[in-house]
1. For Gln282 paired with Lys130, estimate the spin-label separation in nm (one decimal), with each label point 7 Å from Cα along the Cα-to-Cβ line.
2. Of Lys91/Lys227; Lys148/Lys227; Lys109/Lys224; Lys141/Lys227, which pairs sit farther than 31 Å apart, going by alpha carbon to alpha carbon?
3. Let me check I've understood the local charge: for Thr37, count other residues with C-beta under 15 angstrom from its C-beta, Lys and Arg +1, Asp and Glu -1. What total comes out?
4. Based on other C-beta atoms within 10 Å, arrange Thr128, Thr37, Thr330 from fewest to most.
Amino acid sequence: MKQPASASPPDVAGSGGEVIERYLASLAEQRQLSPHTVSNYGRDLQELAEMVQTLPQLPAPAPDHPEPQANAGLALSAAPYAAVSHAHIRKFAAQLHAKGLNPRSIARKLSAWRGFYDWLSDQLDRNTLKSNPVDGVKAPKRARPLPKALAADDAIAVVSQSNPVKDAASAMQLCNRAMFELLYSSGLRAAELSGLDLRYVASPGYSSSGWIDFDAGEVTVTGKGNKMRTVPVGAPALQAVRQWLAVRDTLLKGSAGDHAQDAAALFLSERGTRISPRVLQQRLKAHGQALGVPSNMHPHVLRHSFASHMLQGSGDLRAVQEMLGHASITATQVYTSLDFQRLAQVYDAAHPRAKKVDPK
């Protein structure tokens, strides 16, 4: 029968290879991990072994009591690892990052090393390895992915066009268009739009968390951290909301909307209750599919598009931060990367020293 490949790291003999082999054996025998998983641990620990070899020959802490004879060989093999400090592990993690290893892979290696040291501390005198040097060492933060944003023409088409297979004059289609226009016009989150009322309501049983003001042309919403903000609403969105309000009561009458929250809600479900963020997501996704939009449409796509297009047009990062309701400017700065290609094209077209010279 063909023997499975060894999961132990190669070429570490004489530098702590025995202790790593024993640890990997314990993973296979005691924890019943698969050969593939053990092999992955082995590769991560080999990298640790190679880094330990680069350190100066530091004396390991002397135990208060000599190790039993059965563990004497293990203690000798473990000596290089017992001499590793918290600062060494941080240095190792920094070296991995400098090599271009992604944060997820570094986190996996640190986890493997941490487990190895936990096991090692159980095998040795507690004064030989007083603490786990990997504890508290974290991988670099993962880069935040750039939010997906539509081109301006595509965003306008999505929010202004009716579903081609639905009756554009139906209550649900008018409701959808008003919601989609408002999402893009004001950069609202799904939950913020869901919480909008026709007008501000303050009663013993209910108080508005968000509302639309037609006279001022703005919406007030309660965002993350219960922070309220007021955002302008564009004319097309206001018009779409007015068209929806003309038929809104046909859903409210005789419906489940007996509660003050439902009666006050700006947008309603087919049952006459306040629209939920989940239903909003489903409707926008179906709308995007009906229009043949290639990307997976989600309320946040329209919010990201709003932020990107506002920043393109104004260049005012602070103003966009306020309109999005971001507590920190760093959350808004990600949008500055979205349109770098467009900025590069503008530079090439406008800057006198950016024009290419044909060789003669």
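1. 6.1 nm
2. On the way: Lys91/Lys227 41 Å; Lys148/Lys227 25 Å; Lys109/Lys224 35 Å; Lys141/Lys227 27 Å.
Result: Lys91/Lys227; Lys109/Lys224 exceed 31 Å.
3. Working: positive: Arg31, Arg43, Arg108, Lys109; negative: Glu29, Asp44.
It works out to a net charge of +2.
4. Numbers: Thr128 21, Thr37 14, Thr330 10.
Listing Thr128, Thr37, Thr330 from fewest to most nearby Cβ atoms yields Thr330, Thr37, Thr128.
A short reminder: the numbers here are calculations on the coordinates, not readings from a lab. These numbers were taken from a predicted model, which means no experiment stands behind them. Positions of Cβ are generated from backbone atoms using ideal geometry, with glycine treated the same way; all protein chains shown enter the neighbour counts.
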